[in-house]
Amino acid sequence: TIMSAMLGFLTVLLWATVAYSDISPMTDFSLDGMKGKWYSIGVASNAKWFTTHKANMKMGTLQVEPTADGDLHVTFTYLHSKGSCWEKSHVAKKTDTSGCFFYHSKRNNNDMCVIDAKFDEFVIIHVTNTEVGHSSTYIKLCGRSPHLSNGVVEKFQKFALDNGIESENILTLPPNGNVSNPFPLNCMKCLFKVKNILFLL
């Protein structure tokens, strides 16, 4: 109903306002600066899911495309060690806060803010993931190439520590096979099978 839709919208708006109140996104964010290919170089979180699976995590690639409405369409591609792959996509909707976006999956609300960036080199992203009243923080480091300077990596690590992430849960991801190719040939079959599945950018 119209009333239900309005209540849902107000809930999302209220949650987004609360979620961003303690986050300081970068002041000179550029939507166009996000466009193109990125490598997922670092990730940090104290979330139970993350700590359980972190030992098997490797680098993947992301393709980011701004939309005409100011949103971000994000596609993540990952190549498994045995040669198979999967791809996940979502549209992060813009908010009233520049550099901050909101997206919803089947189980989660996700609030994403770009904290720091040099768009031809790196971007650091803060994500708050909420499921049934429980929230988890993820800090992501993405780069235009698979290798970033020590200074950038240290900046990511410090930001994660400052946000309460334990040092053993701050990872620099190892390269993954043909990660230089965002869409390996053996991934093409995945493009039509796995869509709109949540991946925390």
So which residues in the stretch 150-186 are touching a Leu at 6+ places or on another chain (Cβ under 7 Å) and at pLDDT below 90? 176, 177, 178, 179, 184
Residue identified as among the basic types (Lys, Arg) and closer than 26 Å to residue 151 by Cα among 58, 48: 58
Tell me which strands (runs of 3 or more DSSP E) are completely within the stretch 68-135 and hold 1 or more residues being under 12 Å from the mean Cα position of the chain (by Cα) and either on the phi > 0 side of the Ramachandran plot or aromatic (Phe, Trp, Tyr) (or both), or say none if there are none. 72-79, 100-104
Counting only residues that are touching a residue at least 40 places away in the same chain (Cβ under 8 Å) and among the basic types (Lys, Arg), which one in the stretch 95-126 is surrounded by the most Cβ atoms within 10 Å (Cβ to Cβ)? 107
Can you find, within the stretch 22-48, the residue that is nearest to the chain's Cα centre (by Cα) among those that are in a helix (DSSP H, G or I) and surrounded by 13 or more Cβ atoms within 10 Å (Cβ to Cβ)? 34
What residue, of 48, 106, 93, is among the charged types (D, E, K, R) and at pLDDT 95 or above? 93
Reported set for the stretch 138-154 where residues are surrounded by 19 or more Cβ atoms within 10 Å (Cβ to Cβ) and assigned to a loop (DSSP other than H, G, I, E, B) is 148
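The values are calculated or read from the model by the stated rules, or taken from the named source; none is laboratory data. These figures come from a predicted structure and were not determined experimentally. Positions of Cβ are generated from backbone atoms using ideal geometry, with glycine treated the same way; all protein chains shown enter the neighbour counts.
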